[in-house]
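As structure tokens, the structure follows; a few thoughts come after it.
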Amino acid sequence: MFLHCDLRLFICFPGPWGRCMGSDCGLGGSQSRAVWCAHVDGWTTLHTNCDQAQRPSNQRNCFRVCDWHKDLYDWKLGAWNECVPVSARTFGAPRQFTCSGGEEGIQTREVGCILKSDGSPAEDAICEYFEPKPRLEQACLIPCPQDCVVSEYSPWTSCSKTCGTGLRNRVRSVLVPPLFGGAACPNLTEFQSCKPGPCTGPEGMYSLRVGPWNPCALPQTRTARQVKRRKGKGQGLRERAGVKDPETRELIQKKRTRNRLNRQESPFWDIQVGYQNREVTCIHRNGSTVGRNMCLTRDLPLTIQSCVLPKDCKLTDWTIWSPCTKTCMNPESPRGNRTRTRQVLQFPVGEGAECPPLEEFESCEPQGESIPPCATYTWRTTEWSDCRVDTLLSQQDRRRSNLTGLCGGGLQTREVYCVQANAELLKYLNDLREKDKASRPVENKLCEGPIPNRSQLCQIPCPIDCEVSPWGAWGPCTFENCDDQAGKKGFKLRKRQITNEPTGGPGNCPHLVEAVPCDEPTCYDWQLISLSPCIPDDGKQCGSGTMIVQVQCVNSNGETVDRNLCTSNPTPEPVPCEVPCSRDCVLSDWTSWSTCSQTCSSKTIEGKQMRTRSILAYNAGEGGALCPNSSALQEVRNCNEHPCTVYHWQTGPWGPCTEDPSTSSFNTSVGVQPNSDGEVPCSMGMQTRKVICVRVNVGQVPPKKCPDGPRPSTMRPCQLPCKKDCIMTPFSDWATCPITCDKKQSRKRLIIQMPSNGGQECPEVLEEERDCEVPKICPGFRWKTHKWRKCQLVTWFLRQDTPGAQETCGPGLQTRAVSCRQLDGTQADISECLKFAKAMPAITQRCQLPCQDDCQLTNWSKFSSCTADCVGVRTRKRSLIAVGRWTDCFGFSFHLSSRICAIKKPTKTPVFHLLSGYIEEACIIPCPSDCKLSEWSNWSRCSKSCGSGVKVRSKWLREKPYNGGRPCPKLDHINQVYEVVPCQSDCKQYVWVAEPWSVWKVSNVDLKENCGEGVQTRRVRCMLNTIDGPSESVEDYLCDPEEMPLGARESRLPCPEDCVLSDWGPWSRCTLPCTRSNYRVRTAYTIRPPSVGRECPDTTEKEPCSLNLNCFNYFYNITDWSTCQLSPNAVCGGGIKTRMLDCVRSDGKSVDIKFCEEMNLEKKWQMNISCVVECPVNCQLSEWSAWSECSQTCGLEGKMWRQRSVVQASQGDGRPCPSQMEQWKPCPVRPCYRWQYSPWSECRVENVVCGHGMRFRNLSCFVSDGSSDGEGSLVDEELCSSLEVAVDGDKQIRLKESCVLPCPGECYLMEWSDWSSCVNICAKEAGVDFASVQVRSRAVLAQEPENLQLCPDQEWESQPCTGGECFDYKWFSSIGPNSTRPLIWCQRSDGLNVTGGCPPMNPPEDNSSCDPPCLMPKSFCSEAGICMCEEGFTEVLSSTGQLDQCAPIPILEIPTAGDKKGDVKTSRAINPTLPTTIQPGRNGRTWYLQPYGPDGKLKMWVYGVAAGAFVLLIFIVSMIYLACKKPKRPQRQRQQNNRLKPLTLAYDGDTDM
């Protein structure tokens, strides 16, 4: 914007407005901008150089937007304007001439920011602060113009005349109206003149036309006649005996009628009988009116008749609104209703307007301050039932027969009920005083929201079994009490420890101490620690000596105590020994004593131990000590000399916890929920158990046989659980009584908390039932009709010129009174019948006072009895009273004179089956069968004999599930499921045991000295190791072969005077790291010193440490987790996953765990973790709901449904939910009665040819089976008496209507056609639907050629509809059998021939020279009269030799010498008729290969080309294979020793799986 301050030199420049600033929201903001003065050359100058008067402002007020304005302002979106074509908005854009689907357009709308409160406009910047401005225009699609589419013509009508010249008509109807600027509808009528023949007599040119009745009016009162009537009163006294004139008689009759109406008429009706007339004219065939005398007729129709003056319904004002049905305050609950009514002051009479609704409803909320809050409802639950595991067991589980001891995951249930919410009762279960105030259950449908779970998973802790260690060795004989050592009786004890603490404490473990009586008990004794080396006596080098004994004092438990406690026992003496001299026999040390052969001793059993020694060197021939004989090399002693009488204390189970009489604690009953353990501690009690002394294998013995020291206790304190009383809800309200008689009503109550621990028991009665009261008579209402009054004629002075006026006869009107009654006959207000009764009966009807010449009939007789039980006819009659002109009788209308009987008994036809029972037939509901597996196999042996391995057990499939049974677990390919757990094998479980070495066998024997090189042997066995030592021999593979001792050794037997060494001791352990710079050693000691001059060999031997030979590293190896292990009595729930810690040597061998422990390696692994096995919860369904109402009130197709829902979805391997969640059954068969119109009668215009008349139809009762195609049968109206009088939902019953009968020669409109089928106006190419519409039309019918100019315009009307179908329209043509030119027509895609709708193209060309015509695409008729295909397409002929289709053919481009492209390309000839750009002789030529012959089959060259291509392909593949194949290397002569050795499998002793 430029503001010129000085037109010559300087211009003022304002900058853009800044942001609206300010401390207050709204209009209190301000914004500023910069303003500067600049020279015309562009440089800035001082402000004073510009005209200050023209200076723009640099500050203004503005609207400052704050966040809270978002609730005050919003965008107002206007409606989209009409869709404008894009071409119309684009200057110079060409407009498309053909429409395909629709034309692209743009439509706009107005968008502005407004203030929400009053809709006043605001600045757009305010709304843009919160939300961008919505778009102002959008793309749209303008539908193509839809032309009017009409059907085919109907057949020609008969000629309108029987002689002379007439017209024939044929008509068609509108199927689709013209839309979006489409072409208008063509003529719906086509006329054709016809001449049946010349007329023999004069042609009827005139017709009597009856006009419509004029509105009803009251007759005009005439003062002159009243004066005349008053003057004639004197004469009337004299002429009373004579005949009165008709008017006088009529006046008298009217007065009587008026008096009677005043007595009986209801105030709701004001009936006034008036008159109405009509015009009767004579018209010519050309439509002109002529004199009536031109129409020759014997009787003129009535021109005047009685009528009821129409009066509209009149109502009172509305009453005030009734109180709201909702009497409490809760915005979330549904709104209530209130009503207001009005009363009828005047019922409609005659053709008066009907009464509008007398009652009006509207939703409401209660108003006022003291409105109480609404009662809310909430779900409540009972306490959870006990946890049950048996509900999770599968069908094949053997534990179903014995449910005791089951544990682990289970299921517990509870009941859910609805109560009225009350905040004061939320804690009724936590306070004893509230237990009687439990909420009363109400109907469950009152509660909303999610229903609490009725079941949940629970856990029964599995008892942990007690596990104990093996028995220890028998201890020494000791006193029972070392503090009281009176007597000489003692006990030897052996003990074991608890390795796994059981549930409930150690009291549930077996006995841990066993005792045997013994003699000479002692509490303390000396224990040998070590023996010193043998020291010869008197300081000699060899000979007899002693070994000093080192001892310590221990108690009976093996614990070291003060040495003074052992002073009562003599100190062990030094042990004599022998140091062999150089020429003495040398013996080895004694071996350790073997394990005792028996655990106890008796008269027949005695325990023995043995030890041995061997000869290391023989003595010299002379002077040396001799070697003992072989018996002296072995010693045997007795062991376990205690008798085989073992005693122990045996305990019984703990008894129940009972009150301790010594305490005064008060155990009260409480109504609180138990804790997770199921019990609430209340007071201390006492438990007892039985303790007896038992002799093993004998039974109970006196208590003095067992030692008192380890005697278990017989009593222990315990906590008494609190008593829990039964808590119940009060009884619910009595259920609503059914309307029918002989029914019962019930009420129920629920157990909220079950009693336990001696609490108050629940009552047995949970439901009560009683008979319903006999219902009173329902308050019903009915209309009571009174007797028809006398027939009233038109006033005499108006009809005095009509025939029969002197007889007081002719057509008239009669009325009657109607009142409202209750069913018991008492009077009721008229409004009750309007609300509850059926339609009000008619209060007026036409009547006929017969004249002398009229035909008179009696009333109808009663119907006769039915002629058959099922389908018969019954009749009624009436007879003639007087015979008049018979022609008048023909026009008399009546209802029906014969009817089909109603059904009286059941038949085989189900339509009329009136019984409500069902035919029952036995059926089988298949029970679900679960997946059945075998029992678990035995555990396999541990896969490792030393360290950690695995053991496996399996199940296999016996039977697959069916009928919705529990699915199988995941099976392997042989239908087995496995369980794998880690196992630990003790590396000391099996040990090698070597017997003593045999006597030396010297190979080169020096008989004198018995020494030299020799061999010793011994037996080595693998034995099972127990706590008492090796017990029995086992297979050698169970022991470690690396540790197997030598069974034979070769060595030199020392000669006399040689040095004799002991056997080598064990190797010392190599120190880490394992390097050859480190050594390990073993030593021996000198047993016999050598003689003078001889030396002993080295007593120390060493070897370097080598990794994985004699030096090893050790590390821990952790196994994988096992599967989740459950208790044997558990099905699911909490379990344990375990894994094992293994010690592995650096060469990969598993060794004893002690090797890793000795190295103090870190143990950072958790060996056990808890786990959960998902419980197999079967799908739990709710109870079936009550049967629904019948889907149809009658007929055969009605169904009743009931549903059930999933209460608990299946989990794990539980039984899945069935697919059938609803069931149906047929409803009790009831016939379908309905009111149905008969067809309209022909238009009747009394005794004349044309004009305004009436047509009639009857309302009859029909019965059917309810099916859509069932037409039904006519039955007695009484069977429809319980139905509302309505036809297809329409309560306005119309049994007659006015109609117009066209006069001869008149051109008129036909009746409306039926509504056409619903048509969808769409654009298939764009995938857009615009509208669905249906239409009906009225065509014109003409009878006289001269009157065609007077015909009215044809009419059509449309209405929207739903579900229309989108049609296509195509041109079709064919040649008839007797025609040479084709017949061309437009056909809709549903096969209907139409006019309009097809594209505005030229119809198919006339291929009349070809027979049949060439209608295939891309075909044309040749000069020879044969159908050919265009260039680029080949002919495919049918079996009859006619053209079937034109198939596109490939183009083969053959390169020329100048073309560098050497490949052959195939392309489809899209439009081969276009002029080619390739000129002959230039770049190339195009040949069209014809693969099909004239017979439609492939030519031979096509097969040849295909075969050649196949051979070429095989050749190329073969060449590629030979080129890529690697050449074989020449084989060399291999050496004999390079042959492959057979593969051998080395077994390491482990049974690896």
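Given R0 = 60 Å, the distance between the Cβ atoms of ARG335 and SER1373 translates into a calculated FRET efficiency of 0.35. As a ratio to 2.2 N^0.38 Å, the alpha-carbon radius of gyration computed for the stretch 555-639 takes the value 1.58.
Between the stretch 328-390 and the stretch 780-836, the C-alpha centres lie 42 angstrom from each other.
Here's how it looks for VAL1394: its modeled amide H is under 5 Å from those of CYS1386, GLN1387, ARG1388, which are all 5 or more places away or on a different chain.
Each part gets one Cα centre, and for the stretch 943-1017 versus the stretch 1210-1243 those centres are 73 Å apart.
Sparsely packed loop sites in the stretch 1197-1258 (the GluC sites (Glu not before Pro) outside DSSP H, G, I, E and B with at most 12 other Cβ atoms within 10 Å) comprise GLU1242. With each label modelled as a point 7 angstrom along the Cα→C-beta vector, the ARG1094-ARG1204 pair spans 10.3 nm. Spin-label pair THR162-GLU1357: with each label point 7 Å from Cα along the Cα-Cβ axis, the two points sit 3.8 nm from one another.
For the residue pairs LYS76/LYS133; LYS690/LYS723; LYS603/LYS704; LYS988/LYS1137, alpha carbon separations beyond 18 Å are given by LYS690/LYS723; LYS603/LYS704; LYS988/LYS1137. Under a 5 Å amide H cut-off, with hydrogens placed 1.01 Å from N, GLN459 pairs with GLY410 among residues at least 5 apart or on other chains.
Shape class for the stretch 1270-1383: oblate, because the ratio a/c of the largest to smallest gyration tensor axis (alpha-carbon atoms, square roots of eigenvalues) is 1.5 or more and b/c is at least a/b.
Test of understanding: extend the Cα→C-beta vector of ALA375 to 7 Å, then name every residue of the stretch 309-332 with backbone N under 17 Å from that spot. Output list for this probe position: 325-330. The trypsin sites (Lys or Arg not before Pro) found in the stretch 98-202 that occupy coil by DSSP, while having at most 10 further C-beta atoms within 10 Å, are ARG135. Between ARG278 and ARG440, the distance separating the two model label sites (each 7 Å from Cα on the Cα→Cβ line) works out to 7.0 nm. Checking every one of the chymotrypsin sites (Phe, Trp or Tyr not before Pro) in the stretch 1078-1112 against DSSP loop status and a limit of 16 other Cβ atoms within 10 Å picks out TYR1085.
Kindly state, to the nearest 0.05, the FRET efficiency for ASN500 paired with ASP71, given R0 = 56 Å and r defined as their beta-carbon distance. Calculated transfer efficiency: 0.20. With the cut-off at under 14 Å, measuring from each backbone N in the stretch 1126-1156 to a point 7 Å along the Cα-to-Cβ line of ASN1078 picks out 1146.
Be a star and scan the stretch 955-988 for residues whose amide nitrogen sits under 11 Å from the point 7 Å along the Cα-to-Cβ vector of SER934. Counting backbone N atoms under 11 Å from the label point, the list is 955-958, 976-977.
Taking packing as the residue-averaged number of other Cβ atoms within 10 angstrom, the listed peptides 1071-1077, 1342-1348 run from highest to lowest as 1342-1348, 1071-1077. Amide H contacts under 5 Å for VAL579: GLY543, SER544, GLY545, restricted to partners 5 or more places along the chain or on a different chain, H placed in the peptide plane at 1.01 Å from N. Evaluating kT/(6 pi eta Rh) at 20 °C and 1.002 mPa s, with the Kirkwood radius of the stretch 433-550 over Cα pairs in the Stokes-Einstein relation, gives 95 µm² s⁻¹. Computed from the C-beta positions of VAL561 and THR1071 and an R0 of 30 Å, the FRET efficiency is 0.20 to the nearest 0.05. The Stokes-Einstein estimate for the stretch 1149-1298, based on a Kirkwood radius over Cα pairs and taken at 37 °C with 0.692 mPa s viscosity, is a diffusion coefficient of 140 µm²/s. Across the stretch 522-565, Cα-Cα distances exceeding 11 Å account for 67% of all pairs. Checking the cross-link pairs LYS326/LYS445; LYS877/LYS1296; LYS1418/LYS1499; LYS326/LYS744 against a 20 Å limit on the alpha carbon distance flags LYS877/LYS1296; LYS1418/LYS1499; LYS326/LYS744 as lying beyond it. The residues of the stretch 523-662 expose, per residue, 61 Å² of accessible area to a 1.4 Å probe. Residue separation of ARG1257 and GLU1042 scaled by 0.36 nm, minus their Cα-Cα distance, works out to 65.6 nm of gained length. For VAL1034 and TYR1503, the difference between the fully extended length at 0.36 nm per residue and the C-alpha to C-alpha distance is 160.6 nm.
The values are calculated or read from the model by the stated rules, or taken from the named source; none is laboratory data. Worth saying up front: this structure is predicted, and the values here are computed from it rather than measured. All Cβ positions, glycine included, derive from the backbone under ideal geometry; neighbour counts span all protein chains shown. Just so you know, the surface numbers come from the protein's heavy atoms only, side chains and all, with ligands and any DNA or RNA stripped out. Shrake-Rupley method; radii C 1.70, N 1.55, O 1.52, S 1.80 Å.
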